[in-house]
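FYI, it's all coordinate maths here, none of it is from the lab. Fair warning: this is a prediction, and the values are worked out from it, not measured in the lab. Here the Cβ positions follow ideal geometry from the backbone for every residue, glycine too, while neighbour counts run over all protein chains shown.
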């Protein structure tokens, strides 16, 4: 039996917190809170231009150690083989709603004209690190593949897995065609290290870290995100309710 | 009409002797609505904010800062207990959903309050300190009165004293706007649109540190505010913030 004193002691905070936790589990209330995400996205798009650039820093600003997060090394046999081959046979598929599906060897991708940018990586957890990235603008690949007018989102399929689910992410066409949105194969003057997504990762500089998909093998243009895995546009969005729009 | 009703009528009499139980209108509707909206919003912001800080409880100065960099404040692993966070169990995603929904309530509420209070002259008439009040001797006098727990009585109790004015002005015009601006400065998308914002804060991690420090200052304000309400007579004070009407404490000389 709960003693009266203890009941009173926990009562005040319990009432408030129990209420918040109850609201947190209420789908209608949570839906109301979640509607702010659309408001935030539209407002951020309204005050900024679609081509506003994220700050680019100088060499002197680089983080001494750029930590990694999420998967530090995909544990599939397939990835182990690619790693042992130095990714010599890694190819990037571009398909979905495109006129000419592509399958590009990673060496060819590295030989394309590239962009180098020193930018700040902001993790959803709160930390930031500054790194130098080398890669191909995503717009170049999408133009080469001939994006259909029906395409609204670009989905990035990754080889790392969380349990049975593969990691994936998605962005809309405003971010996909942004000049700083690159498929990075290099970091800080070297080929991309394994913890940071070797051999290829996304940089989408106006969004938080979990949008920057690592270990990319396939890029798919789709009309709707509902047809991809569990439908919310990304592994973290599907599994733990992270916002799809990660501009804040 | 019976005599008792006439006795209770809230009339603003200047001529002595004042009625023993004078009721006066003290808080206008926009002030009261905003006060209670904020009572909810600020608590949600602080508690969901502590859950967000639980995800990486280290604070840095400058543009970057992560585990290998020097933290000026390090709270250790998951430092904030369930009773202090929303939700009570560790969940960064849920805390962010709460934080960024109520952030809109905070921003829209503050803008609406400022617009209304400039329009109805609440800011100019009630909040803005006069030069006389700002004289060091007057401020010192008020500090001594507060320290002795001598609260204003009579007509003086219907106006904000100088310490109240300074703290309310600081919260409304300095702390809340800085809270919002440092919050926005942490957004990678806002930083691309308004690069000056993160520049004036000294970098994204500085903005995050300032955001935390101001949250602590707002929490300190709330604690002092609640203590003052309790000391000044909680029922009368809270009732006046709900209904607007306030039972004026009689002049000390008559007590």
*chain A - mean residue ellipticity at 222 nm from DSSP helices (-39,500 (n - 2.57) per run, n ≥ 4, rounded to 500)*: -9000 deg cm²/dmol
*Quick one: in chain B, what % of C-alpha pairs are over 30 Å apart?*
40 percent
*Pull up the DSSP beta bridges for the range A:55-240 and report the antiparallel fraction as a percent, rounded to 5.*
90 percent
*Determine the relative contact order of the range A:84-139: mean sequence separation of Cα pairs under 8 Å and six or more apart, normalised by residue count, in whole percent.*
26 percent
*Virtual paramagnetic centre 7 Å along Cα→Cβ of residue B:251, amide N under 18 Å, in the range B:132-157*: B:151-157
*Between the range B:18-58 and the range B:162-198, the Cα center-to-center distance that results, in Å*: 17 Å
_Inter-chain shielding of A:127-137 (mean C-beta neighbours from other protein chains, 10 Å cut-off)_ = 4
_Could you tell me the relative contact order of chain B? Use alpha-carbon pairs under 8 Å, at least six residues apart, and round to a whole percent._
28 percent
_Percent of Cα-Cα pairs more than 20 Å apart in the range A:65-171, please._
56 percent
*Assuming R0 = 60 Å, can you tell me the calculated FRET efficiency for the pair residue A:91 and residue B:125, based on Cβ-Cβ distance, to the nearest 0.05?*
0.25
*Consider a paramagnetic label point 7 Å from the Cα of residue A:226 along Cα→Cβ; state which residues of the range A:82-103 have an amide N under 20 Å from it.*
A:97
*Starting from the Cα of residue A:59, step 7 Å toward the Cβ, then list every residue of the range A:186-214 with an amide N under 17 Å from that point.*
A:187-191
_Can you compute log10 of I(q)/I(0) for the range B:58-100 with the Debye formula, treating each Cα as one identical point scatterer, at q = 0.19, 0.21 Å⁻¹?_
-0.74, -0.83
_Please check: in the Gaussian network model of chain B (C-alpha springs, under 10 Å), which one of B:131, B:81, B:152 has the largest mean-square fluctuation._
B:131
_Taking every pair of distinct Cα atoms and averaging 1/r, then inverting, what Kirkwood hydrodynamic radius in Å comes out for the range B:29-75?_
12.9 Å
*Inverse of mean 1/r across different Cα pairs in the range A:15-77, Kirkwood, Å*: 17.0 Å
*asked:* How shielded is B:57-70 by partner chains, expressed as the average number of their Cβ atoms within 10 Å of its Cβ atoms?
replied: 5
*Mind checking Rg over Rh on the protein assembly as shown, alpha carbons, Kirkwood formula for Rh?*
1.09
_Can you give me the Kirkwood hydrodynamic radius for the range A:55-240, using every pair of distinct Cα atoms, in Å to one decimal?_
16.6 Å
*In nm, what is the difference between 0.36 nm times the number of residues separating residue B:226 and residue B:239 and their Cα-Cα distance?*
3.3 nm
_I want to verify a result. In a Gaussian network model of chain A, Cα cutoff 10 Å, which of these has the top mean-square fluctuation: A:202, A:192, A:33?_
A:33
_P(r) tail fraction, the range B:170-224 - alpha-carbon pairs more than 14 Å apart, %_ = 50 percent
*When Rg is the radius of gyration of the Cα atoms in the range A:158-210 and Rh is its Kirkwood radius, what does Rg/Rh come to?*
0.99
*Given the rule -39500 (n - 2.57) for each run of at least 4 DSSP H residues, summed and divided by the residues of chain B, what is its mean residue ellipticity at 222 nm, to the nearest 500 deg cm²/dmol?*
-18500 deg cm²/dmol
